[in-house]
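Data first, discussion second: the structure below is written as structure tokens.
The values are calculated or read from the model by the stated rules, or taken from the named source; none is laboratory data. This structure is a prediction, so every number in the text was calculated from the model and none was measured. Reconstructed Cβ throughout: ideal geometry from the backbone, glycine too, with neighbour counts over all protein chains shown. For the accessible areas, the whole protein counts, side chains as well, though only heavy atoms, and no ligand, DNA or RNA atoms are used. Shrake-Rupley method; radii C 1.70, N 1.55, O 1.52, S 1.80 Å.
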Amino acid sequence: MELRFCGGAREVGRSAVLLDDSLLLDYGMKSGTPPGFPVGSVDPEAVVVSHGHLDHVGTVPALLSGDARPPVHWTPPTRDLGLLLARDTLKLRGGTPQCPFTETDVARLTQVSELHDYRERFEAAGHDVTLFDAGHIPGSAHVLVERGGTRILYTGDFHTADQRIVGGSTARPEADVVVCESTYSDVEHEARPAVEERFVESLRTTLWEGGTVVVPAFAIGRTQEVMAICARHDIECYVDGMGKRVTELLRRTSGFVREDALKRANAHARFVSNHGQRERIADGNTVIITTSGMLSGGPAMTYIPLIRGNPVNKVAFVGYQVAGTPGRELLDTGRAEIDGRVMPVSAQVERYDLSAHADHDGLRAFLNSYHDSRILVNHGDRCAAFADELREDGFEASAPERGDVVEV
């Protein structure tokens, strides 16, 4: 088989791998101004999407802008999240070069959608395909592709440790070639129970002192995780931003989340219903979980100015802050650009690693099942270095560059 890396190679964002010029695995978008899209022209016969994050699904509707109508295969949560993200992109950037699709394309996407459960074998563009639980976010999948006796495993993004809303991935299907993500190949996560204990203690301390905590959180996965943590420890919380819609979508699916945990989290949280509530809530000695996770938009842009002046208050990040984002600036300097103004923040600023990706040890533990397979490292900022490490330990490993074609 032939693999063409149209995006996600030696970078995080715009993941896209084309197999045999016919089967496309993911078609994402790279966040930024302007955003980045996969390179090269593609005309796939079918598409398989690993999970519902913008960097893996964000450009899929553009595949339907011409005459072609390739079926799009995904799990039910990934379909719902992909459509939600597409509509949000239209709302924010529709009609500009930063949005390569239209409302018509998104409507067409609903017509070509084909849903699958984990471990269900199906045919796509002449390839046999099976999805396995990747343990990253609800509905996330490893994609196993078989053709002509060759088996390729595309990991998408995955996690091997349990989270409150989803369990860690235990799937290790046999494969001749593994296209493996490497987002945190140079990081060792602190054990999740220890991180959660410190996070909960921090929230309780601020609430006991009479302060308010703003938790900037990614809408998909991370918001629901923090909700579940608050529910488990009986900490009052409000939820604002896109995370509200994502939570509602996930409540309507079954078999892809820990349903009891999500149900408890949903029952425990209070959802902000209108903009007029925000000032009152920010003064209310509570926890506010809100988008965006990196302070690049969303209701967080309202809450941070409201709570920034009181040193008893707190901003608690629960996700990675990309260089150049307001969130990273706030972590590094104690100030951030909000709505065009650079604001000093007297409130405490903390970060807790609640990552949904496998770390270095998790990646190595996963790949230990594939010592005799060929490893193609992608989706990371240090793909080449991780491939070098794997080769030193006896793996056949390499890190393709964007635009490379690899024969397997």
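Residues considered: Arg69, Arg151, Arg121. Of these, the only one that is of a type in the set (Lys, Arg), free of Cβ contacts under 8 Å to residues at least 60 places away in the same chain and buried (at least 19 other Cβ atoms within 10 Å of the Cβ) is Arg151. Listed by position, the strands (runs of 3 or more DSSP E) contained in region 289-393 that have at least 2 residues being in contact (Cβ under 8 Å) with a residue 24 or more places away in the chain, open to solvent by less than 40 Å² (accessible area, probe 1.4 Å) and under 28 Å from Ala9 (Cβ atoms) are 374-378. Taking first residues from region 30-54 that are aromatic (Phe, Trp, Tyr) and partners that are open to solvent by 10 Å² or more (accessible area, probe 1.4 Å), the Cβ contacts under 8 Å between residues at least 6 apart in sequence or on separate chains come to Phe37/Arg14; Phe37/Lys30; Phe37/Ala62; Phe37/Pro100. Of the listed requirements (1) of a type in the set (Lys, Arg); (2) over 22 Å from the mean Cα position of the chain (by Cα); (3) assigned to a loop (DSSP other than H, G, I, E, B), Arg108 misses just one: (3). Set side by side, the residues Arg4, Arg93, Arg79, Arg10 differ, and just one is touching a Leu at 6+ places or on another chain (Cβ under 7 Å), within 24 Å of Phe218 (Cα to Cα) and open to solvent by 30 Å² or more (accessible area, probe 1.4 Å), which is Arg79. Kindly indicate whether Glu350 is charged (D, E, K, R), modelled with pLDDT of 95 or more and closer than 30 Å to Ser202 by Cα. So Glu350 fits the description; yes.
Can you name every residue in region 394-408 that is of a type in the set (A, V, I, L, M) and either assigned to a helix (DSSP H, G or I) or farther than 20 Å from Tyr184 by Cβ (or both)? Scanning region 394-408 gives Val405, Val406, Val408.
Of the residues contained in region 85-92, one or more are found to be touching a helix residue (DSSP H, G or I) at 6+ places or on another chain (Cβ under 9 Å), more than 19 Å from Cys383 (Cβ to Cβ) and among the polar types (S, T, N, Q).
Residue under question is Leu144, and the condition is that it be surrounded by 16 or more Cβ atoms within 10 Å (Cβ to Cβ), out of contact with any helix residue (DSSP H, G or I) (no Cβ under 8 Å at 6 or more places or on another chain) and of a type in the set (A, V, I, L, M); does it hold? Yes: the conditions hold for Leu144. One residue alone among Arg245, Arg264 is modelled with pLDDT of 95 or more and over 30 Å from Arg308 (Cα atoms), and that residue is Arg264.
Go over the candidates Leu64, Leu90, Leu85, Leu81 one by one and state the one that is touching a Lys or Arg at 6+ places or on another chain (Cβ under 9 Å) and of a type in the set (A, V, I, L, M, F, W, C). Reasoning before the result, please.
Working: Leu90 fails: touching a Lys or Arg at 6+ places or on another chain (Cβ under 9 Å); Leu85 fails: touching a Lys or Arg at 6+ places or on another chain (Cβ under 9 Å); Leu81 fails: touching a Lys or Arg at 6+ places or on another chain (Cβ under 9 Å).
Matching residue, one of Leu64, Leu90, Leu85, Leu81: Leu64.
Within region 124-141, can you find the residues that are over 19 Å from Ile220 (Cα atoms), among the aliphatic types (A, V, I, L, M) and either open to solvent by 10 Å² or more (accessible area, probe 1.4 Å) or assigned to a loop (DSSP other than H, G, I, E, B) (or both)?
Within region 124-141, Ala125 is the sole residue that qualifies.
For region 251-285, enumerate the residues that are over 19 Å from Pro138 (Cβ atoms) and not in a helix (DSSP H, G or I). Residues satisfying the conditions are Arg270, Val272, Ser273, Asn274, Asp283, Gly284, Asn285.
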